[in-house]
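The values are calculated or read from the model by the stated rules, or taken from the named source; none is laboratory data. Please read all numbers here as calculations on a predicted model, not as lab measurements. Here the Cβ is made from the backbone with ideal geometry for all residues, glycine too, and neighbour counts use every protein chain on show. For accessibility, only protein heavy atoms count, side chains too; no ligands or nucleic acids. Shrake-Rupley method; radii C 1.70, N 1.55, O 1.52, S 1.80 Å.
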Amino acid sequence: AILVTVVWWAWATRRVNAAHPGNPVPRVRTWACAAAMVALAFALLSGIERYDTTLFSVHMVQHLLLTMVAAPLIALAAPITLILRLAAPDTRRRVVLPVLHSRVVRFLAFPVVAWLAFAVVMWGAHFSPLFDVALENPLAHDFEHALFLGAALLFWWPVVAADPVDDYLAGLQLLEAVA
């Protein structure tokens, strides 16, 4: 997945830059994407991965790399903006924008909801039976990593605000409607 992301990013930025030479993808976003992939590779494919189920400190370093290094770097890379620039106008109008403006995305992107999701995932993964299961079962551990990265992306997306996010009031109105 890391290699696919790097190849896709290189292809997508080249395509956008060729179509819009006066407004290319900022290099800082490409560097952020590359740094995020390095952080993910270091956390999941290096020596850290070898000891993540035997040493608690290594296990926690791995989780911190996923949530506090890779996730904010992915948010800084602004992949949603790249997708919007890459998509054909019809695809953007019929697929991408409806997803971005959906109730689910607006709800999840609301900062309080994102923070709560992040806190619940972190607490639940470390103070529930999932912790022991993840130490014994590699698939459960991979699921735990996906939960961490997903929750951290939700958390960092509105914090970094490099990608389009519906405004605070839309999220607040949705929360009031749910409550």
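Ala39 satisfies every condition listed in (1) surrounded by 19 or more Cβ atoms within 10 Å (Cβ to Cβ); (2) in contact (Cβ under 8 Å) with a residue 40 or more places away in the chain except (2). Number of residues in segment 71-112 that are surrounded by fewer than 18 Cβ atoms within 10 Å (Cβ to Cβ) and among the small types (Gly, Ala, Ser) equals 3. Per the listing Leu135, Leu116, the residue uniquely touching a Ser or Thr at 6+ places or on another chain (Cβ under 6 Å) and assigned to a helix (DSSP H, G or I) is Leu135.
With the structure loaded, tell me whether Arg29 is touching a residue at least 12 places away in the same chain (Cβ under 8 Å), open to solvent by 50 Å² or more (accessible area, probe 1.4 Å) and in a helix (DSSP H, G or I) or whether it fails that test. Answer is yes for this residue. Might you let me know whether segment 88-95 holds any residue that is part of a helix (DSSP H, G or I) and either closer than 20 Å to Ala10 by Cα or touching a residue at least 12 places away in the same chain (Cβ under 8 Å) (or both)? The answer is no; no qualifying residue exists. Within segment 137-161, the residues that satisfy the criterion of being without any contact (Cβ under 8 Å) to a residue 40 or more places away in the chain and closer than 10 Å to Ala117 by Cβ are Leu147, Gly150.
When residues in segment 36-61 are screened for being assigned to a helix (DSSP H, G or I) and within 14 Å of Ile2 (Cβ to Cβ), 11 of them pass. Filtering Val112, Val160 for residues that are over 16 Å from Gln62 (Cα atoms) and modelled with pLDDT under 85 leaves a single hit, Val160. May I ask you to list the residues in segment 93-107 that are of a type in the set (A, V, I, L, M, F, W, C), more than 15 Å from Leu154 (Cβ to Cβ) and touching an Asp or Glu at 6+ places or on another chain (Cβ under 8 Å)? Residues satisfying the conditions do not exist here.
Just one residue in the set Leu65, Leu3 is within 15 Å of the chain's Cα centre (by Cα) and in a helix (DSSP H, G or I); that residue is Leu65. So which residues in segment 42-57 are more than 15 Å from Asp142 (Cβ to Cβ) and buried (at least 16 other Cβ atoms within 10 Å of the Cβ), if there are any at all? Hit for segment 42-57 is Phe42, nothing else.
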